[in-house]
Every structure is written in C-alpha cells, then in structure tokens.
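The structure appears below as structure tokens.
The values are calculated or read from the model by the stated rules, or taken from the named source; none is laboratory data. No experiment lies behind these values; they were computed from the predicted model shown. Neighbour counts are summed over all protein chains in view; Cβ atoms, including those assigned to glycine, are modelled from backbone coordinates with ideal geometry. Ligands, DNA and RNA are excluded from the accessible area calculation, which covers all protein heavy atoms including side chains. Shrake-Rupley method; radii C 1.70, N 1.55, O 1.52, S 1.80 Å.
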Amino acid sequence: MLIWFLPVFLIFLIIGLPVIFGLLAAPGILLWMSGQEKDITLLYRNVYNGMDSFPLMAIPFFMLAGELMNKGGITTRLVEFSQALMGHLRGGLAHVNILSSMLFAGLSGSAVADTSALGSMLIPAMEKQGYTRRFAAAVTAASSVIGPIIPPSGIMIIYAYVMGESVAALFLAGIVPGILVGVGLILVVRLMADRYDLPKAERIVRKGQPVSTREYWVSFALLRLNLGWLFFAIFRGATGIGNSDTSALIPLVTYGVGVLTAHVLLMGLRNKVHPDFRTVSKRAVVPLQTPILILGGILLGVFTPTEAAAVAVLYAVIVAFFVLKTMTLSDLPKVLSRAALTSSVVLLLVGAAMAFKTVVSLSYAPQILAEFILSLSENPLILLFLINILLFVVGMFLDAGPAIIILGPILGPIFVEMGVHPVHFAIIMSVNLTVGLATPPMGLVLFVASSVAQEKVETIAKAILPFLAVEILVIFLITYVPAISMTIPRLTGFVN
Amino acid sequence: MGVLHGLLWPFQKWNDLVLPVGRWISIAAIALMVLAILVQVFFRYVLNAALPWPDEAARFMMLWLTGLMAPIAFRQGGFVAIDMVVQALPLKIGQIMSLGLLFISAGVLATAVEIGWSEVTGFGGRFNTASLYVPLAIDFSEWLRVPRSWMMASLFVGVVLLLIVNIELILRSIISLLGHGGDLKPLTPEDEVMAE
C-alpha cells in the first residue's frame with residue numbers, strides 16, 4: 001500500500017504543488033489511509049531532525065560568502081581577468097563568459113547567482129560587440145551550470161547529507177568534471193567562432209587602472225605565499241623532506257625557500273608582461289584566494305566543510321570591507337537577508353526530504369524499483385545509460401536540488417549495490433541534474449538568463465542546443481570513465 | 001467581496017507586520033551563526049581547546065532562521081514547484097487548481113501545527129539542550145540551561161507562520177478567482193531565491 005506514495009507524489013508534483021508540501025503530503029496521506037497515523041508524527045520529527053544538522057550549516061555560509069563576494073564587486077575583477085587571458089581569441093567575450101563562470105564557480109555554489117551576476121555584465125557587453133542577444137544569453141546559461149559542479153556546491157552538500165556521503169569527497173570529485181564542462185563549452189565556442197566569424201575583444205578594457213596600496217600588498221603577499229606553498233608541497237612530495245615527522249624548523253625553512261623562489265620567479269616575469277595585464281591579474285588575486293582557502297583548508301584537514309564555509313564568510317567580509325572597501329555596513333542586512341531567505345527554503349526542503357526518505361525505506365521502494373530496473377538489463381553500463389536519460393528528463397522539469405533530494409535515496413542504493421562507487425554516482429547525478437537547470441521547458445537558469453537578457457526563453461533554448469550537446473557528452477564521459485571524478489578524491493585519500 | 005477583503009485584512013496585516021520582525025531576527029541569527037563557528041575554529045585550532053556550545057548554538061540559530069524566513073519565501077512564491085500545468089490551463093481552471101493546491105498545503109501545515117504543538121509540549125521537549133545556557137541575572141550569577149523545547153519551537157513557529165501565510169494566499173486566490181485580483185496588494189519579492 002505504502003509504495004503508492006510515489007505515484008501520488010508524482011501527481012502532486014506535476015499538478016504544481018510545491019515540492020516541500022508534496023514530499024510530506026504524499027506519504028502523509030498514504031500513512032493515514034493505511035492506518036499508520038502514528039508514523040505521521042515520525043514524518044514531522046524527521047523534518048526537524050533533518051534540519052538540525054551541523055554539516056547542513058555549510059549551505060547558508062557558502063550562500064552568504066557568495067553574496068558578500070558578489071556585492072563586494074568581485075564579478076568585475078573576475079571578468080576582467082578572464083578577458084585578459086582569453087579576450088584576444090576569436091569569439092573572445094564568449095570565451096571570457098565561460099572562463100568567468102569557471103572562476104566564479106570556485107566562489108559560489110549557485111548557477112542562478114552565476115547567471116544573474118555574469119549575465120547582467122556580459123550579455124550587454126557581448127551584444128555591443130555584435131553577438132546576438134540569444135547567443136550571449138545561451139552562453140551565459142550554459143556556462144552557469146558549472147557553478148554547482150566546481151566546489152563549493154550547494155547541491156553536493158545536500159546530496160552528501162541526504163545520502164550520508166563525505167562533502168569533502170564530493171567537492172573534490174566535482175573539480176575535474178566542472179573543468180571538463182568548461183573546456184567542452186570553450187571548444188564549441190572555438191568551432192562556432194570560425195564558422196560564424198565571431199569577433200575578438202580587447203584583452204584590457206580599462207587601461208591604467210589603479211590598485212590601492214593595501215590591495216597591492218595583500219595580493220603581493222597572497223600570490224607568493226600560495227606559490228611558495230605549491231613549491232613546498234611539490235618538494236616535500238618528491239623528497240620527503242619537511243614531513244611532519246621531522247623537526248618543526250625544516251618545514252618552515254623549506255616553505256620559506258618556496259616563498260623566496262616564488263618571489264624571484266614572479267619578479268623575473270614582472271617585466272615580461274604588460275603593466276595593465278599585471279594590474280588586472282593583481283586585482284583577481286584577492287577574490288581567487290577564496291577557493292584556495294576553502295579547498296586548501298579541507299584538503300589539509302584543517303577545517304570541516306562547514307568551518308571552511310564560515311572562514312570563507314570571514315574572508316569575504318575582510319575583502320569587501322577592509323581590502324577592496326566596496327561594501328559598507330548599510331549593505332550588510334540586505335546581503336544577510338538574501339542568504340537567509342534562500343537558505344531557509346533549501347533547509348526546509350532538506351528536512352522534508354529526510355522525512356520522505358524514511359517513508360522511502362519503509363515502503364521498500366528501492367527494492368521494488370531495483371527489481372524493475374534489473375528486469376530491463378543486468379548490465380550496469382546499459383543501466384547507467386538509461387538512468388542518465390531518466391535524470392536528464394527529470395532535470396528538464398525539476399530543479400537540481402529537489403530532484404537530487406527525491407531521487408538520491410531511491411536510485412543511489414540500487415547503483416551502489418551494482419558496484420558503482422557512491423561518490424561516482426553522486427557526481428553523475430549532480431552533473432546531470434545541474435545541466436538540467438539549463439534545459440527547457442523548466443530550466444531555472446534559462447529563466448534567469450531570459451530575464452537578464454530580455455529575450456524569450458524559447459529563443460535562448462534553441463541557441464543553447466550546441467552547448468547542451470557538449471554537456472551531455474561530458475555527462476556520458478563522466479559516467480563511463482570514473483577516473484575523471486574519482487582520481488582527485490582517491491589521490492587525496494578522501495575515497496578508498 | 002467585502003466579506004472576503006474583511007477576512008483577508010487581519011492575515012495580511014499580521015504577515016506585513018510580523019514577518020519583517022522574523023526577517024530581522026534571521027539576519028541577526030545568520031550573522032551570529034558565522035560568529036559562533038568562527039569562535040569554535042579559533043578555540044579548536046588555535047587554542048586547541050574546543051568549546052562545547054558553539055556548534056549547538058549555531059544549529060539553534062539555523063533552525064530559527066529557517067522557521068522565520070521560510071514563511072517569507074512562501075509568501076513571495078519562493079517554494080519550488082512545477083507550475084507548467086497550472087499555466088497551461090485556461091485561466092479560470094488554472095486558478096481553481098491553484099486554490100486546490102493551496103488547500104492541500106494548508107492541510108499539511110495544519111497537521112504539522114497540531115503535531116508540532118504536541119512535540120514541543122511533549123516528552124522530547126522536557127529535556128535540556130546539551131550545552132546552551134542563558135543568564136537569569138544581570139550579574140551572570142544565575143544561569144538557566146536552555147530547554148530543548150526552545151529549539152523545537154522553531155519548526156512549530158515556522159509551520160504556524162506558514163499556515164497564516166497559506167490562509168492569506170487562499171483568500172487572495174479566492175478573490176482573484178472571483179475576478180477582483182486587481183484590488184489586491186502585490187506581494188513583491190524583496191529578495192530573489194537563488195538556491196540552485
């Protein structure tokens with residue numbers, strides 16, 4: 001009897017009941033009809049217990065850090081930096097759009113925030129250079145989906161929590177797939193650039209920009225400290241000198257030598273690049289420190305993802321208020337309010353999902369569905385193909401977060417049982433459903449791109465097709481080559 | 001129509017006045033959450049002496065933030081739903097369907113309010129939190145261990161506020177269905193929800 005909650009839930013969803021209420025109404029009604037009223041109380045308790053979680057706190061924190069960074073004016077810096085790197089290529093601004101999305105993804109875990117922030121800046125700029133508005137909007141929407149794939153990622157935090165996986169492992173597993181989507185999109189633009197004679201852009205838009213003394217020295221120090229650490233890590237990995245079992249002085253001295261080497265190297269490069277290029281790069285150092293801080297902290301085992309998110313907020317506050325001085329105290333309530341509003345919806349949804357998950361287990365739905373799926377084929381490769389199609393279709397109608405919450409507990413155990421690594425399956429689901437954010441008819445980033453560009457959704461949906469084709473290709477690559485997602489977590493010891 | 005507007009008025013007024021208070025509390029809560037975790041990071045990693053209270057205090061604030069902000073999001077239409085079918089239907093039928101959906105959500109919320117109250121006042125609420133204390137005297141000489149019910153009340157208050165918003169939305173929906181939607185004050189979103 002209880003298994004009927006799934007079709008009832010689907011009906012509720014299709015007729016337009018908000019997902020949160022559907023997740024509770026469908027099992028609630030079935031429990032009531034089967035005389036298990038007492039278990040309805042269990043549903044309520046699970047909503048509460050589902051929200052009462054320390055790892056979930058990373059969601060409001062990452063949202064807040066992203067909001068602070070965005071309000072603090074980092075978008076312009078990232079776009080200018082991307083333009084300095086790729087603007088001179090044919091189809092320059094389209095490349096810039098994609099690269100900016102990849103960089104932005106390291107600061108924010110939201111595709112919608114990415115579309116909104118980058119679109120409002122780049123779509124008009126691209127139009128001015130002769131690109132059609134629909135193409136500009138399509139590139140923006142297609143590249144925005146990288147946001148929740150490259151860490152930090154709200155969707156992966158939710159998946160990890162609902163499915164009991166490690167957030168850090170999922171974050172690390174998302175890096176290469178995210179870069180792969182970006183590279184794929186860049187290749188499409190490259191091909192289109194030749195075919196449609198897309199224009200080149202200036203590498204430097206604002207020449208002779210000043211950098212404040214404070215920002216100059218902060219960037220100066222950060223760059224050398226990061227590069228120095230990289231040299232130190234490579235040296236330590238290669239020679240074993242400076243490991244923790246040796247005296248405390250040796251790592252310190254080795255790191256010092258690394259910093260010095262970095263300084264000498266950078267000073268050597270100084271005169272080889274144009275001063276404006278140097279300025280633009282310098283202005284990008286402070287924002288780009290955020291992903292280094294988050295991933296570095298998690299990788300080194302210094303922070304949990306939640307703590308890393310709180311540290312990212314602190315860093316964003318320091319940057320916006322004291323280094324760049326682009327925010328004032330009066331901006332703060334609005335930023336906090338936006339982060340709190342979005343978080344509340346996500347947290348309540350996760351709570352409802354945890355209650356839903358209990359009924360999923362009680363109803364034996366995964367077992368029944370597993371039998372059905374295995375009756376289609378016993379070959380995991382064919383089943384993964386079919387599941388990708390199912391996820392893609394679901395993603396066309398439902399946003400990634402709710403889709404993951406609903407389908408994760410049902411599909412995850414089936415594929416893990418068949419030998420697919422849980423982290424690998426998490427990445428397949430996350431990337432597939434995230435791409436769904438840019439697919440018609442119900443693609444959240446398409447809607448945002450449409451509102452930013454003032455262009456019809458249908459028109460953007462047509463222009464986005466070549467980009468979607470590449471994203472689908474990447475989804476299948478990720479599915480059939482587990483090493484793409486699993487290598488970094490394995491190398492870093494987050495996955496066995 | 002006057003009767004419907006009369007019925008709507010107290011709910012609208014309540015939501016106009018109370019929800020912004022919740023918003024300000026949530027603004028403070030999210031800021032304090034960050035602060036609590038940063039204090040913990042400092043004590044754990046710098047002083048090597050983790051404190052017992054920051055994690056629980058931050059969760060306390062996160063739960064209240066959710067309870068107080070979710071009604072605002074619901075009122076602004078920020079709850080994720082597939083509205084394709086409603087939009088594809090002829091206007092009147094779509095409006096009737098939306099009203100039906102609001103009645104379903106009201107049913108869910110009313111049940112949640114009933115269970116929520118028994119949970120807060122019941123057995124689980126009688127325990128205390130593990131590490132949270134509030135001072136009872138100005139000179140901090142007397143402390144009260146925070147009962148778990150204070151934490152559990154967050155979801156109860158949340159569903160009560162959501163139900164009040166839901167009733168307002170039902171009344172607005174009926175007024176629109178009767179062809180007087182133009183008289184209604186628009187519920188303009190102040191913030192966009194950017195969860196994805």
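Here is how the numbers come out for the structure above:
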read-out	value
Matching entry among A:Leu223, A:Leu187, A:Leu191, A:Leu180 (being buried (at least 18 other Cβ atoms within 10 Å of the Cβ), of a type outside the set (D, E, K, R) and closer than 30 Å to A:Ala438 by Cα)	A:Leu180
Only one of B:Ile37, B:Ile30, B:Ile82 that is facing chain A (nearest Cβ under 10 Å) and under 26 Å from A:Ile40 (Cα atoms)	B:Ile82
Residue that is farthest from B:Val120 (Cα to Cα), among those in region B:163-177 that are open to solvent by 10 Å² or more (accessible area, probe 1.4 Å) and within 13 Å of chain A (Cβ to nearest Cβ)	B:Ser173
Yes/no for A:Arg283 being within 23 Å of A:Gly401 (Cα to Cα) and open to solvent by 10 Å² or more (accessible area, probe 1.4 Å)	no
Enumeration of residues in region A:323-332 that are assigned to a helix (DSSP H, G or I) and either of a type in the set (A, V, I, L, M) or modelled with pLDDT under 90 (or both)	A:Val323, A:Leu329, A:Leu332
Tally of residues being in contact with a helix residue (DSSP H, G or I) (Cβ under 7 Å, 6 or more places away or on another chain) and at the interface with another protein chain (Cβ under 9 Å from one of its Cβ atoms) across region B:40-58	4
Contacts under 6 angstrom Cβ, first residue in region A:141-165 being modelled with pLDDT under 95, partner among the aromatic types (Phe, Trp, Tyr), 6 or more apart	A:Pro151/A:Phe171; A:Pro152/A:Phe62
Qualifying residue in region A:359-369 (condition: over 19 Å from A:Met163 (Cβ atoms) and either outside any helix (DSSP H, G or I) or free of Cβ contacts under 8 Å to residues at least 60 places away in the same chain (or both))	no
Filter result for the condition that a residue is of a type in the set (A, V, I, L, M), more than 14 Å from chain B (Cβ to nearest Cβ), surrounded by 18 or more Cβ atoms within 10 Å (Cβ to Cβ) and under 20 Å from the mean Cα position of the chain (by Cα), over A:Leu56, A:Leu103, A:Leu93	A:Leu103
Residue match in region B:22-32 (condition: assigned to a helix (DSSP H, G or I), among the hydroxyl-bearing types (Ser, Thr, Tyr) and at pLDDT below 95)	no
When residues of region A:20-39 are limited to those that are of a type in the set (A, V, I, L, M) and more than 7 Å from every other protein chain (Cβ to nearest Cβ), the one farthest from B:Phe60 (Cα to Cα)	A:Met33
Hey, B:Phe140 over 21 Å from B:Leu32 (Cβ atoms), of a type in the set (Phe, Trp, Tyr), surrounded by fewer than 17 Cβ atoms within 10 Å (Cβ to Cβ) and at pLDDT below 90 or not	no
Complete set of residues in region B:57-71 that are farther than 25 Å from B:Leu17 by Cβ and open to solvent by less than 20 Å² (accessible area, probe 1.4 Å)	B:Ala57, B:Ala58
Cβ pairs under 8 Å, 6+ apart, first in region A:71-90 and more than 16 Å from A:Leu185 (Cα to Cα), second aromatic (Phe, Trp, Tyr) and surrounded by fewer than 24 Cβ atoms within 10 Å (Cβ to Cβ)	A:Ala84/A:Phe277
Filter result (among the aromatic types (Phe, Trp, Tyr) and farther than 15 Å from B:Ala57 by Cβ) within region B:1-47	B:Trp9, B:Phe11, B:Trp14, B:Trp24, B:Tyr45
Close pairs (6 angstrom Cβ cut-off, 6 or more residues apart or separate chains): more than 18 Å from B:Ala110 (Cβ to Cβ) in region A:34-48, in a helix (DSSP H, G or I) and polar (S, T, N, Q) anywhere	A:Asn46/A:Thr358
Scan of region A:86-106 for residues that are in a helix (DSSP H, G or I) and farther than 30 Å from A:Tyr159 by Cα, ordered by number	A:Met86, A:Gly92, A:Leu93, A:Ala94, A:His95, A:Val96
Selection count, region B:108-166, where residues are assigned to a helix (DSSP H, G or I) and touching a strand residue (DSSP E or B) at 6+ places or on another chain (Cβ under 8 Å)	5
Selected residue (only one of A:Val345, A:Val335 is assigned to a helix (DSSP H, G or I), at pLDDT below 95, under 16 Å from B:Val34 (Cβ atoms) and not small (Gly, Ala, Ser))	A:Val335
Matching residues in region A:404-435 - criterion: being within 11 Å of another protein chain (Cβ to nearest Cβ) and either under 18 Å from A:Ser485 (Cβ atoms) or surrounded by fewer than 24 Cβ atoms within 10 Å (Cβ to Cβ) (or both)	A:Ile404, A:Leu433, A:Thr434
Residue selected from region A:9-19 under the condition open to solvent by 40 Å² or more (accessible area, probe 1.4 Å) and more than 10 Å from every other protein chain (Cβ to nearest Cβ), by the criterion farthest from the chain's Cα centre (by Cα)	A:Ile11
Residue within region A:294-310 that is on the phi > 0 side of the Ramachandran plot and either surrounded by 19 or more Cβ atoms within 10 Å (Cβ to Cβ) or free of Cβ contacts under 8 Å to residues at least 12 places away in the same chain (or both) present	yes
For B:Leu99: the one exception among (1) closer than 29 Å to B:Val34 by Cβ; (2) part of a helix (DSSP H, G or I)	(1)
Qualifying positions in region A:325-370 - more than 10 Å from chain B (Cβ to nearest Cβ), open to solvent by less than 20 Å² (accessible area, probe 1.4 Å) and under 27 Å from the mean Cα position of the chain (by Cα)	A:Met327, A:Ala353, A:Ala355, A:Phe356
Meets criteria (hydrophobic (A, V, I, L, M, F, W, C), out of contact with any Cys (no Cβ under 9 Å at 6 or more places or on another chain) and part of a helix (DSSP H, G or I)) for B:Val80	no
Residues of region A:371-384 classified as surrounded by 15 or more Cβ atoms within 10 Å (Cβ to Cβ) and either within 26 Å of the chain's Cα centre (by Cα) or at pLDDT 90 or above (or both), total	2
